[in-house]
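The values are calculated or read from the model by the stated rules, or taken from the named source; none is laboratory data. What you are looking at is a predicted structure, and each value in this text was computed from that prediction instead of being measured. Methodologically, a virtual Cβ is constructed for each residue, glycine included, from the backbone with ideal geometry; neighbour enumeration extends over all protein chains shown. What goes into the accessible areas is simple: the full protein's heavy atoms, side chains included, and nothing from ligands, DNA or RNA. Shrake-Rupley method; radii C 1.70, N 1.55, O 1.52, S 1.80 Å.
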Amino acid sequence: MRLARFDGGRVGVVTGEDIVDVTTVVVGHLRSDGAAAGLIHELIGSGVVLGELLAEESLAELPTRPLADVALDAPLPQPSKIVGAPVNYRSHIAEMALDTTIADWGMFLKAPSSVIGPGEDVCLPYLDQRTDHEAELGVVIGSRARRVRPEEAMAHVYGYTCCLDITVRGREDRSTRKSFDTFTPLGPWIVTADEVPDPHDLDLRLWVNDDLRQRSNTSLLIFDVAWLVAYTSSVMTLEPGDVIATGTPAGVGPLVDGDRIALEIGGIGRLEVGVTARGAVAYDDRPLPPGVTAKASG
Ligand code: MN
C-alpha cells in the first residue's frame, strides 16, 4: 500500500495514477484529527492495520482523485526522531577518504523540524558554505523496538520512503550540519513493507536538474536495514513513525540556488524538491558571541 498525506493533512492510498481519500476511515478509527504529527503517524502508532479497515469498506465508494490534481505533503511531517547513518555505502567511504563505518561513528540524530515534503524548497543556510545532497532510502518504524536482534528487526519496519539527508559540509557536529529547517525532504509517500519484497535490492538514483549525480543499489549498504534497526535500538528505543535515513552512496555534491533535486528509488517512488538561497546568510554572520570565531571551516 502506498500511503500519502495530501492537501493539508488528508490521508490517501495511491493506486496507479489516482489517490483514494481514506481520511474519514482513518479518523473514524483513531478518533483523532491527527493535528500533531499527522494522520499517518497516528495510524502507525495506533497499530491499526489500514488494509484490514479498508477490507471492510468499499474503496470504490470513497472519494478518488487524479494524483496529479492533489498537493502531496510529507508523509510524516514530524517524526519523533530521525536517525541517520553516516558513511554506510563502500563507495561513499572512498569518496570521503574515510575507512570507517557506523562501527566507529555510531548513528546521529536529525531534528524532526527539518522535514519538508514533495515540491517544497530546501533552503540553503549559508551563502559561502557548501551544502550537499545525500540520496537515501528512508525506513519507517512500525512498532516500538528496543534492543532487537537483527533477525527480529524487520518485523518492526512499517515501510519505506525516499529521504534526502541535506548536509552542510564543515566541522560542526553532524546533528548541527544536517538539522537546518528543510534539510530532510521525505516522500512522496510511504510504501508499506509488505509491498517491498527485498529492501536490499532497490535502485536509487538522484538527479540535480538533468544531471544524474548518484546511482547505486541498496544491496551495497554496509549496515543493512536489519542491522541498522538492531544497532540503533541498542542505543535508543525506536518508536512508531521514527525514520532511519540509511546512508548515501557516492556522488554527493553541492547544491545552488534554483536547483531541482529528484530522488527516485525503484519500487518506492520519486521525490522532487527545489533549492533556494532565499534567507541565506554569510557563514561569518552566524550568531557567535563577540570575539569567538571558528578555528577552521571545511
Ligand atoms: Mn546521510
Hey, can you tell me all the residues within the stretch 149-176 that are open to solvent by 30 Å² or more (accessible area, probe 1.4 Å), closer than 19 Å to LEU109 by Cβ and either in contact with a strand residue (DSSP E or B) (Cβ under 7 Å, 6 or more places away or on another chain) or not basic (Lys, Arg) (or both)? HIS156, ARG169, GLU172, ASP173, ARG174, SER175, THR176
Test ALA111 against the stated conditions and say whether it is out of contact with any helix residue (DSSP H, G or I) (no Cβ under 7 Å at 6 or more places or on another chain) and away from the ligand (no atom under 16 Å from the Cβ). no
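Every residue, every condition in (1) aromatic (Phe, Trp, Tyr); (2) within 15 Å of the chain's Cα centre (by Cα); (3) more than 18 Å from THR182 (Cα to Cα), yes or no:
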residue	(1), (2), (3)
PRO79	no, yes, no
TYR89	yes, no, yes
PRO118	no, yes, no
ASP132	no, no, no
GLY138	no, yes, no
I'm trying to understand the selection: among the residues of the stretch 69-88, which are assigned to a loop (DSSP other than H, G, I, E, B) and within 16 Å of the ligand (Cβ to nearest atom)? PRO79, LYS81, ALA85, PRO86, VAL87, ASN88
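In this structure, is ARG260 modelled with pLDDT under 95 and either more than 16 Å from the ligand (Cβ to nearest atom) or within 23 Å of PRO77 (Cα to Cα) (or both)?
Here the answer is no, as ARG260 does not meet what is asked.
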Filter the stretch 236-256 down to the residues that are among the β-branched types (Val, Ile, Thr) and buried (at least 17 other Cβ atoms within 10 Å of the Cβ), then identify the one that is nearest to the ligand (Cβ to nearest atom). THR248
